[in-house]
Amino acid sequence: MGDLAQPQAERQTIDGRWATVGRPVAGGMASVVEAFDLDGEFGRVALKLLPAATDDRWRRAGFEREPQAL
């Protein structure tokens, strides 16, 4: 039987602190990717990434308020 597992995504380092574990998944406002903290402070996390060209003030404001709501 053949292996039906998906190929592993290439690991990337984001901002020198986060190493991705999987492939990004697109959402309504941003992409989300599973990662782990290279400093060991947080362990595994979900990183939410805005597109680089986001100039929409409303979208940025919502993105910045989101962690404060948690």
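Nothing in this text is a laboratory measurement; each read-out follows from the coordinates by a stated rule. Predicted model, so just to flag it, every value in this text is computed and none were measured.
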Apply the Karplus curve 6.51 cos²θ - 1.76 cosθ + 1.60, θ = phi - 60°, to the phi angles in region 16-21 and return the couplings in whole Hz, x for Gly and Pro. x, 10, 10, 10, 6, 10
Quick check: residue separation of Val32 and Lys48 times 0.36 nm, minus the Cα distance between them. What number comes out in nm? 5.3 nm
Calculate, in nm to one decimal, what Gln12 and Arg57 gain on full extension: separation in residues at 0.36 nm each, minus their alpha carbon distance. 13.4 nm
